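S.K.: First the structure, then my questions, so here it is.
The values are calculated or read from the model by the stated rules, or taken from the named source; none is laboratory data. All of these numbers come straight from a predicted model, not from anything done at the bench. Here the Cβ positions follow ideal geometry from the backbone for every residue, glycine too, while neighbour counts run over all protein chains shown.
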Amino acid sequence: MATIRSRNSSVSRMQRWRMLPRVIFLYGIAGIAALFALFPFYWMLVTSLLTTHSAFDTNPHFWPDWAWTNYVRAWQLVPWAQYFANSVFIATCTVALSIVTSLLAAYAFGTMKFPGRNILFLAILALIMIPGEATLIPSYLIVSSLHWIDTYQAQIIPYGVSISGIFLLRQFFLSLPSSLWEAAQLDGCSRLGYLWRIAAPLARPAIAVVALQVFIGSWNAFLWPYLVTSSDALRPVEVGLQAFITADGTDPTGLAAAAAFTTLPVLVIFLIAQRQFIEGITAGSTKG
């Protein structure tokens with residue numbers, strides 16, 4: 001037994017040594033990719049702490065001047081507390097509406113059979129190919145005809161459907177065994193009852209991914225809220241950033257400082273939900 005154990009340990013040790021170059025290579029690629037991804041954020045933080053003279057210097061500055069007054073000046077320029085409250089409210093309502101619509105649509109496409117199901121699903125997916133800028137004018141005309149200009153619903157309802165959320169949840173529902181629905185039917189469960197009591201709880205990782213994607217998209221929205229709002233009482237944080245761009249020029253340090261503290265909530269939420277995000281992406285990509 002001792003001889004067999006020693007042989008097994010020596011074999012496993014050799015396998016580790018053989019895999020070491022591959023592991024080093026993969027970690028190296030991941031490290032380089034992380035540097036490319038984090039560099040814009042690092043540059044934003046450095047710029048937010050530079051003096052005005054350093055910000056307009058022709059030579060790049062890779063180390064900050066620690067000018068914390070930029071953050072004070074940026075915070076005092078516009079009513080950020082109101083903007084943050086608006087963004088939180090709009091993003092929360094958009095996430096709730098998108099989850100409901102994505103669940104209902106994905107459940108229908110994933111578990112129910114009806115004429116034209118595949119064609120309709122492909123038509124919905126084809127909408128991803130249409131750039132958002134192409135629908136700005138028709139969407140604005142519709143919102144204007146409904147007298148929704150400068151309202152919350154104009155910023156929530158147009159983003160209340162997530163095509164990627166429908167696709168991801170449909171892939172998850174396709175993986176559910178039919179025996180679950182059959183057992184639910186024996187217990188007298190309706191279609192909606194099966195969705196809310198069984199299917200939706202099982203799809204929580206995928207729902208978390210949809211919620212995170214919709215929240216980030218709603219929080220980062222700029223062009224549409226800028227078009228449909230005209231008062232500070234209803235504007236989100238991203239629209240507030242345009243206050244640093246005036247006819248006299250751009251305030252780079254103030255803009256970078258404002259971008260830093262408006263990005264912070266998204267980073268915190270992503271760090272908190274990263275485990276559910278990875279689980280949901282894995283579930284949606286491997287099942288179907």
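S.K.: Look at PHE41 and say whether it is assigned to a helix (DSSP H, G or I), over 30 Å from PHE167 (Cα atoms) and in the same structural domain as GLY254 (by TED's automatic domain parsing). First the steps, then the outcome.
M.R.: Working: assigned to a helix (DSSP H, G or I): yes; over 30 Å from PHE167 (Cα atoms): yes; in the same structural domain as GLY254 (by TED's automatic domain parsing): no.
So PHE41 fails the test.
S.K.: Take the residues of the range 151-199 that are aromatic (Phe, Trp, Tyr) and within 17 Å of the chain's Cα centre (by Cα): which is farthest from SER230 (Cα to Cα)? Break it down stepwise before answering.
M.R.: Within the range 151-199, the first condition is being aromatic (Phe, Trp, Tyr), and the residues that meet it are 152, 159, 167, 172-173, 181, 194, 196.
When the remaining residues are screened for being within 17 Å of the chain's Cα centre (by Cα), the result is 159, 167.
Numbers: TYR159: 19, PHE167: 35 Å.
Result: PHE167.
S.K.: If you go through the range 133-151 one residue at a time, do you hit one that is acidic (Asp, Glu), part of a helix (DSSP H, G or I) and over 28 Å from TYR194 (Cβ atoms)?
M.R.: Within the range 133-151, one or more residues are acidic (Asp, Glu), part of a helix (DSSP H, G or I) and over 28 Å from TYR194 (Cβ atoms).
S.K.: Continuing with this model, one more query. Quick check on PRO225: is it in the same structural domain as ALA85 (by TED's automatic domain parsing), modelled with pLDDT under 90, assigned to a helix (DSSP H, G or I) and closer than 30 Å to LEU127 by Cα? Spell out how you get there, then give the answer.
M.R.: Values: in the same structural domain as ALA85 (by TED's automatic domain parsing): yes; modelled with pLDDT under 90: no; assigned to a helix (DSSP H, G or I): yes; closer than 30 Å to LEU127 by Cα: yes.
Here the answer is no, as PRO225 does not meet what is asked.
S.K.: Also: All but one of (1) touching a residue at least 12 places away in the same chain (Cβ under 8 Å); (2) farther than 30 Å from PRO205 by Cβ; (3) among the small types (Gly, Ala, Ser) hold for ALA134; state the number of the condition that does not hold.
M.R.: Unmet for ALA134, out of (1) touching a residue at least 12 places away in the same chain (Cβ under 8 Å); (2) farther than 30 Å from PRO205 by Cβ; (3) among the small types (Gly, Ala, Ser): (1).
S.K.: Give the number of residues within the range 152-166 that are assigned to a helix (DSSP H, G or I) and either of a type in the set (Gly, Ala, Ser) or farther than 21 Å from PHE84 by Cα (or both). Full working, then the answer.
M.R.: Applying the first criterion (assigned to a helix (DSSP H, G or I)) to the range 152-166 yields 153-159, 163-166.
From what's left, either of a type in the set (Gly, Ala, Ser) or farther than 21 Å from PHE84 by Cα (or both): 154, 163-166.
So the count comes out to 5.
S.K.: Taking the stated definitions as given, is ILE29 modelled with pLDDT under 95, surrounded by fewer than 12 Cβ atoms within 10 Å (Cβ to Cβ), within 28 Å of the chain's Cα centre (by Cα) and among the β-branched types (Val, Ile, Thr)? Walk me through it before giving the result.
M.R.: On the way: modelled with pLDDT under 95: yes; surrounded by fewer than 12 Cβ atoms within 10 Å (Cβ to Cβ): yes; within 28 Å of the chain's Cα centre (by Cα): yes; among the β-branched types (Val, Ile, Thr): yes.
Answer is yes for this residue.
S.K.: Please identify the pairs in which a residue from the range 114-128 that is assigned by TED's automatic domain parsing to the domain that holds LEU174 has its Cβ atom under 8 Å from the Cβ atom of a residue that is surrounded by 10 or more Cβ atoms within 10 Å (Cβ to Cβ) and hydroxyl-bearing (Ser, Thr, Tyr), counting only partners at least 6 apart or on another chain.
M.R.: Between residues of the range 114-128 that are assigned by TED's automatic domain parsing to the domain that holds LEU174 and residues that are surrounded by 10 or more Cβ atoms within 10 Å (Cβ to Cβ) and hydroxyl-bearing (Ser, Thr, Tyr), the close pairs are ILE128/SER164.
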